[in-house]
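Heads up, the thing below is written out as structure tokens.
The values are calculated or read from the model by the stated rules, or taken from the named source; none is laboratory data. Note that the structure is predicted; figures quoted are calculated from it, not measured. Cβ atoms come from the backbone with ideal geometry, glycine included; neighbour counts cover every protein chain shown. Quick note on the areas: whole protein, heavy atoms, side chains included, nothing else; ligands and nucleic acids left out. Shrake-Rupley method; radii C 1.70, N 1.55, O 1.52, S 1.80 Å.
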Amino acid sequence: MKPVIVTDPPRADLEQVTRLADYGVATVHEALGRSGLLGPGLRPIQDGVRVGGTAVTALCWPGDNLMIHAAVEQCREGDVLVVTTTSPCGDGLFGELFATALRHRGVRGLVTTTGVRDVTDLRALGFPVWSAAISAQGTVKATAGAVNVPVAIGGQLIRPGDAILADDDGVMRVRREDVRTGLDTAKARLEKEAAAREAFATGQLGLDRYGLREKLDALGVRYLTAEEYEKEQA
């Protein structure tokens with residue numbers, strides 16, 4: 001890894017990213033072909049918060065938050081700071097002081113594969129965080145890393161300026177060039193779900209609405225009475 005800080009990378013259109021976030025991670029993830037999800041290990045420290053912003057990335061060494069300090073300077077209104085490390089680390093690299101600085105710059109939240117601390121204070125500040133751990137373990141500021149370079153989380157490549165969506169269902173990345181497509185496909189999926197919701201509310205079964213009876217039959221699934229089943233097991 002070359003120690004570098006990249007300034008002012010191209011960013012996805014913030015207004016479009018904000019609108020996309022309103023659809024929610026689950027809907028957008030499905031609408032974009034079940035792509036972009038950063039995995040189940042990133043969990044919110046708060047409930048009921050939904051954010052979308054453009055990624056500023058920080059690649060740190062384990063137990064070292066020097067590059068988060070460098071990344072704060074590169075953040076601007078509407079960004080989401082994305083932090084990961086060169087190898088797994090659950091230490092508390094981020095806390096209330098960082099959040100205070102980021103709020104001043106209009107940053108919408110933090111996504112990190114590391115730990116965070118000062119959780120009560122972060123919640124009181126209303127600064128949204130999705131992290132892999134909560135840990136009071138302190139850190140040092142000693143080793144150079146990188147800011148605004150592509151990073152990999154959960155098998156997904158995140159480039160600076162890509163859209164980051166996060167809510168109670170998790171975190172996902174949408175490539176900056178796919179945000180417009182995401183808006184169109186998420187809208188269509190939401191309309192489809194609304195129609196299904198109305199049908200289910202009136203008693204229709206998913207087996208019938210989605211043609212799943214035929215699929216069960218093709219897979220060799222049989223309907224047996226309890227008596228028939230017991231006889232076959234005897």
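So how far apart, in nm, are the two label points at Tyr223 and Ala188 if each is 7 Å from Cα heading toward Cβ?
3.4 nm
Report Arg43's accessible area, 1.4 Å probe, all protein chains in place, as a number in Å² to the nearest 10.
Surface open to solvent at Arg43 totals about 100 Å².
How big is the Kirkwood radius of region 182-228, worked out from every pair of different alpha carbons and given in Å to one decimal?
Taking every pair of different Cα atoms in region 182-228, averaging 1/r and inverting gives 13.0 Å.
How much accessible surface does Trp130 have with a 1.4 Å probe, in Å² rounded to 10?
0 Å²
If amide hydrogens are placed 1.01 Å from N in the peptide plane, which non-local residues have theirs closer than 5 Å to the one on Thr114?
Ala132
Could you tell me what a quarter of the Cα convex hull surface of region 1-119 works out to, in nm² with one decimal place?
Spelled out: convex hull of the Cα atoms, projected over all directions, averaged, 7.8 nm².
Could you give me D for region 148-234, from Stokes-Einstein at 10 °C and 1.306 mPa s, where the hydrodynamic radius is the Kirkwood radius over C-alpha pairs? Units µm² s⁻¹, please.
90 µm²/s
If I build a Gaussian network model for the chain, linking alpha-carbon pairs within less than 10 angstrom, which residue out of Ala166, Ala196, Ala99 has the largest mean-square fluctuation?
Ala196
Where does region 25-184 land on Rg/Rh, using Cα atoms and the Kirkwood Rh?
Ratio of gyration radius to Kirkwood radius: 0.94.
Considering only protein heavy atoms, what is the solvent-accessible area of Glu198 at a probe of 1.4 Å, reported in Å² to the nearest 10?
130 Å²
With all protein chains present and a 1.4 Å probe, how do Ser35, Ser131 order by accessible area, largest first?
Greatest to least solvent exposure: Ser35, Ser131.
How far apart, in nm, are the 7 Å Cα→Cβ label points at Ala101 and Val140?
Label-label distance for Ala101 and Val140, simple model: 1.9 nm.
When the helices in the chain are scored as -39500 (n - 2.57) per DSSP H run of 4 or longer and the sum is shared across all residues, what 222 nm value do you end up with, to the nearest 500 deg cm²/dmol?
About -10000 deg cm²/dmol.
Please work out the C-alpha center-to-center distance from region 51-72 to region 83-98 and express it in whole Å.
8 Å
Stretched out fully, how many nm does the piece from Leu125 to Gln204 gain, at 0.36 nm a residue minus the Cα gap?
So the chain would gain 23.9 nm between Leu125 and Gln204.
Can you give the FRET efficiency to the nearest 0.05 for Ser35 and Arg213, using r as the Cβ-Cβ distance and R₀ = 22 Å?
Efficiency for this residue pair is about 0.15.
In whole Hz and in residue order, list the ³J(HN,Hα) couplings for region 78-85 that follow from phi through the Karplus curve 6.51 cos²θ - 1.76 cosθ + 1.60, θ = phi - 60°; x for Gly and Pro.
x, 7, 10, 7, 10, 10, 9, 10
If the cut-off is 28 Å between C-alpha atoms, which lysines fall inside it for Lys231, apart from same-chain ones fewer than 8 positions away?
Lys215
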